[in-house]
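Note sheet for the following structure.
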Amino acid sequence: MNNTELLELAISQEAELLDYNSEELNKIGSFLGNSHYFFKEMCKAYLRKDVIYENKPMIGAKVTVTFNWEEKQVSIQELEILLQFELSLFLRFIAIVESCFSEVYPLGTVVELDLDFMPESFQVLTPQQVNDLPMVLITGRKLSLKDTKTGYVIDYLAQFWPFGETPGVAPLFLSSLMIRRSISKGFVTPQEEATIQELKESLVRQKKVSFAFMNLEKKQALLQETQQKEGSHD
């Protein structure tokens, strides 16, 4: 299945989206999924609690995302299409889009971090350390977070490059949003490509999405609990 077909499947599985026009959902979802820069900037606007974010391309229609924080509602408009969501359903919708369209990197990939998406706990590093260590090595991917109703995954486990696994240093939990770009991809074979495709399809069918789109308080509590369990195994 290609990304667009995955999106159609994922939307069809969401009861809360059945009242929407599926063609409009798929069109806006495909735009968001194929517009990597717009998607990430929209997510940054959400994190900053902006009121509005607009895409004004040289060619093509303008897309406007409006956040009503008082009413906890979000609208996305492109020409005649206007989608209005409760805030929680908006997060679910963009989480679905991200799960269908985001690239899944092979193990061993070195990536540069996008500090705009890194959690506050990351700031235990001094600014100089952050500048010196912007790259990480992916050591694990798509790990399920249990004890959640809808199902979430940690997109990646990673260690700082070039140090790798270090005694006493817990792996970083990364979402795809936290990755600015790949520096060097890990080893890829046709089997690896098939495995990635099967993994994406499996997660969509299981309705599992990135932990990046969890409620902030719930995310922090769950990650803290998971990290404590990881540490207890050392």
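The values are calculated or read from the model by the stated rules, or taken from the named source; none is laboratory data. Computed from a predicted model, the values in this text were never measured in an experiment. Note that each Cβ is placed from the backbone with ideal geometry, even for glycine, and that neighbours are counted across all protein chains shown.
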### Query
For the range 22-40, which residues satisfy the criterion of being under 13 Å from the mean Cα position of the chain (by Cα) and more than 16 Å from Gly60 (Cβ to Cβ)?
Lys40
#### Entry: Subset tally (residues that are in a strand (DSSP E or B) and surrounded by 16 or more Cβ atoms within 10 Å (Cβ to Cβ)) for the range 34-65
4
### Query
Can you spot a residue in the range 45-55 that is outside the structural domain of Val204 (by TED's automatic domain parsing), under 16 Å from the mean Cα position of the chain (by Cα) and of a type in the set (Lys, Arg)?
no
#### Entry: Filter pass, Leu83 being surrounded by 16 or more Cβ atoms within 10 Å (Cβ to Cβ), modelled with pLDDT of 95 or more, under 15 Å from the mean Cα position of the chain (by Cα) and not assigned by TED's automatic domain parsing to the domain that holds Thr195
no
### Task
Would you mind finding the one in Ile154, Ile183 that is modelled with pLDDT of 90 or more, under 25 Å from Cys43 (Cα atoms) and out of contact with any Asp or Glu (no Cβ under 8 Å at 6 or more places or on another chain)?
Ile154
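Rundown of residues vs (1) of a type in the set (Asp, Glu); (2) surrounded by 17 or more Cβ atoms within 10 Å (Cβ to Cβ); (3) more than 15 Å from Gly140 (Cβ to Cβ); (4) at pLDDT 85 or above, yes/no style:
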position	(1), (2), (3), (4)
Glu193	yes, no, yes, yes
Gln220	no, no, yes, no
Leu223	no, yes, no, no
His233	no, no, no, no
### Query
Leu9: in a helix (DSSP H, G or I) and surrounded by 16 or more Cβ atoms within 10 Å (Cβ to Cβ), yes or no?
no
### Task
Search the range 195-211 for residues being among the polar types (S, T, N, Q) and outside any helix (DSSP H, G or I), and hand back the single one that is surrounded by the most Cβ atoms within 10 Å (Cβ to Cβ).
Ser210
### Query
Is one or more of the residues making up the range 109-117 assigned to a loop (DSSP other than H, G, I, E, B) and assigned by TED's automatic domain parsing to the domain that holds Glu193?
yes
